[in-house]
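Accompanying notes for the structure given below.
A short reminder: the numbers here are calculations on the coordinates, not readings from a lab. Given the structure is predicted, the values throughout are model-derived calculations rather than measurements. Heads up, the Cβs are rebuilt from the backbone with ideal geometry, glycines too, and the neighbour counts pull from every protein chain shown.
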Amino acid sequence: MTDALHDLRQRTRAFAAARDWAPYHTPKNLAMALSVEVAELAEHFQWLPSGRAAELAPGQQAAIRHELADVLLYLVQLADQLEVDLHAAALEKIQLNAVKYPPSKG
Ligand SMILES: [Mg+2]
């Protein structure tokens, strides 16, 4: 696990512990919360031609940044509950994708 992900895991653990939220942070609840945050992120791009910066309203980039953070924080918490090292899992998946989708240019 990278230092950055470890730091986020420790901070989310402390945040939840200080509020007695542990009973609610089951893998099922965290997976549902994650999917809601992904939908909140996607809503910012709904009906836009591309979603690139020029199409976004003032303040929308900050709102998108916050939704990205929500997604990441729930992802970190879900991985924590499932004892998954996110960095190792991502590296593993990149390797699998490289085999599945070989480069067209060599
Ligand atoms: Mg949100």
Within the stretch 12-37, residues acidic (Asp, Glu) and within 12 Å of the ligand (Cβ to nearest atom) come out as Glu37
Flagged in the stretch 62-98 as within 13 Å of the chain's Cα centre (by Cα), within 18 Å of Ala31 (Cβ to Cβ), aliphatic (A, V, I, L, M) and more than 10 Å from the ligand (Cβ to nearest atom), in numbering order, are Leu72, Leu75, Val76, Leu78, Ala79, Leu86, Ala90
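Quick grid of which residues meet (1) of a type outside the set (A, V, I, L, M); (2) surrounded by 12 or more Cβ atoms within 10 Å (Cβ to Cβ); (3) more than 24 Å from His6 (Cα to Cα); (4) in contact with a Pro (Cβ under 8 Å, 6 or more places away or on another chain):
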{"site": "Ala31", "(1), (2), (3), (4)": "no, yes, no, no"}
{"site": "Glu37", "(1), (2), (3), (4)": "yes, yes, no, no"}
{"site": "Glu40", "(1), (2), (3), (4)": "yes, yes, yes, no"}
{"site": "Ile64", "(1), (2), (3), (4)": "no, yes, no, no"}
{"site": "Tyr74", "(1), (2), (3), (4)": "yes, yes, no, no"}
{"site": "Glu92", "(1), (2), (3), (4)": "yes, no, no, no"}
{"site": "Val99", "(1), (2), (3), (4)": "no, no, yes, no"}
Result of the Cβ filter at 9 Å on the stretch 38-59, keeping first residues that are within 14 Å of the ligand (Cβ to nearest atom) and partners that are β-branched (Val, Ile, Thr), at least 6 apart or interchain, is Val38/Val71; Glu40/Val71; Leu41/Ile64; Leu41/Val71; His44/Ile64
